[in-house]
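The values are calculated or read from the model by the stated rules, or taken from the named source; none is laboratory data. Just so it is clear, the structure is predicted and the values come from calculations on it, not from any experiment. Note: ideal-geometry Cβ built from the backbone for every residue, glycine included; neighbour counts use all protein chains shown. Calculation scope for accessible area: heavy atoms of the full protein, side chains included, ligands and nucleic acids excluded. Shrake-Rupley method; radii C 1.70, N 1.55, O 1.52, S 1.80 Å.
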Amino acid sequence: MPISLLLSQSLRSVRAHTEALIAPLEPEDLCLQGMADASPPKWHLAHTTWFFETFVLQPHLPNHRACDPRWGYQFNSYYDAVGDRHPRPERGLLSRPPIRDVLSWRRDVDAALQLLLNDPPPDVLPLVELGLHHEQQHQELLLMDLLDAFHRQPLAPIYNQAADLTARTTSPQWLSCDGGLVEIGFEGSSFHFDNEAPCHRIWLEQFAFSSELVSVGDYLTFIHDGGYRRPDLWMSEGWALVQQGGWSAPRYWRPGELEFTLAGLQPLDPTAPVRHLSWFEADAYARWHGSRLPSEAEWEVACALHGDSVQHAHGVLWQWTSSPYRPYPGFSPAAGAIGEYNGKFMSSQMVLRGSSWLTPEGHARNTYRNFFPPASRWMASGLRLAR
């Protein structure tokens, strides 16, 4: 099957799924923005449409009628080479255009993309594929942002009773890895983000890798042992955050051993993997345990070496590593605004590996490098130990 036809089918599926995510929401929910790091559901739908409009249709489809340029200002995220943008912390103020106009715009853009894919120039296909993977990223972000917004409300809204994580942990085992000179990074011709390449060699000392994610029960033991009251376990910046924010448990835990989830308030399950941790919390737990966080290279090598023996590598929680988010040797961003996609964030962030239960199917791979500031704890983040 021609790649343009495959992309055409994927386009319909991915774009429809994004709109399906807002089906359980009330109109009032669509502009919710609980914090500066999050975005409203309507903004996610508009921004992903703006991406296709700006990087695919306007440069490559003759006679394409562009959207209102004011919409470009509102729905640009961080592409400085494209132009100015609305302040990120104020996205929740954007009540206009209304959702009906955003959905109409999406239909127009989808029709234009299908027209372009009927006879696409060769350089368009990689851009459309990037746009689809970009939209899948925003599908996951939409739900994580919504969880943050809902948890701030006294009525504890339920997004979907079936939307919560159902995975449960087993007893962890230590998996031995010999180390040595190894290769990491993406190699091949199929899709990958630019930050996953190039494939390169790195030296690893021998290490052990936990077969399982850290559980709620394990983390409760850390808390009961004074984990949030012992400065010796924390990096200085993390300890300051504990003091300033009054941290005493993961982000969405509530009194009475309850946790706020997309399915509403749920009792803590000791066998569930602990989630919504910052890097500082994950690092403090590892130090308390007498272990450490794996580097991203150790994570990738261990998963490739041990395969299914690594439980819940994907589809459960993103897993913090000890690695700062930096370019691989030989990394070169794409020319123009598209080059801003990943490269400009390679500072002051930490790498997470794996994928979460909110990650769209087919969007996960062992070389995928997710990244967030170390203080962030609203994402679907957990931890796995190494030593």
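Structure notes:
- Modelled spin labels at residue 174 and residue 137, positioned 7 Å past Cα toward Cβ, are 3.7 nm from each other.
- Mean-square fluctuations from a GNM of the chain, with a 10 angstrom spring cutoff on Cα atoms, peak among 44, 306, 224 at 224.
- The shape of region 171-315 can be summarised by an equivalent ellipsoid whose semi-axes, obtained from the alpha carbon gyration tensor, come to 31, 18, 16 Å from longest to shortest.
- With every protein chain in place and a 1.4 angstrom probe, the accessible-area ranking of 309, 215, largest first, reads 309, 215.
- Kirkwood Rh, Cα atoms: Rg over Rh of region 42-144: 0.95
- Extension gain, residue 66 back to residue 240 (0.36 nm per residue minus Cα-Cα distance, nm): 57.9 nm
- Dividing the convex hull volume of the alpha carbon atoms of region 297-370 by its residue count gives 111 Å³ per residue.
- Under-5 Å amide H pairs with residue 215, H placed in peptide plane, nonlocal only: 274
- Largest-first ellipsoid semi-axes for region 120-218, taking √(5λ) over the Cα gyration tensor eigenvalues, angstrom: 33, 30, 10
- Using only the C-alpha atoms, the convex hull of region 14-101 corresponds to 107 Å³ per residue.
- Accessible solvent surface per residue of region 48-134, calculated while the other protein chains remain in place, 1.4 angstrom probe, Å²: 51 Å²
- Calculated over region 220-306, the projected area of the Cα convex hull averaged across directions stands at 7.2 nm².
- A probe of 1.4 angstrom, applied to the heavy atoms of all protein chains, finds residue 82 with accessible area near 70 square angstrom.
- Scattering profile of the chain at q = 0.12 Å⁻¹ [log10 I(q)/I(0), Debye over alpha-carbon scatterers]: -0.99
- Prolate/oblate/rounded call for region 30-69, Cα gyration tensor, a/c under 1.5 rounded: prolate
- Separation of alpha-carbon centers, region 242-294 and region 147-167, rounded to whole Å: 16 Å
- With all protein chains modelled, accessible area of residue 67 [1.4 Å, Å²]: 20 Å²
- Of the residues 228, 78, ranked by 1.4 Å probe accessible area with the largest first, the sequence reads 78, 228.
- Database remark: amide H of residue 323 closer than 5 angstrom to the amide H of 296, 351 (H placed geometrically; neighbours at sequence offset of 5 or more, or on other chains; Pro and chain starts carry no H).
- In the context of the full protein assembly, residue 202 retains an accessible surface of approximately 60 Å², using a probe radius of 1.4 Å and ignoring ligands and nucleic acids.
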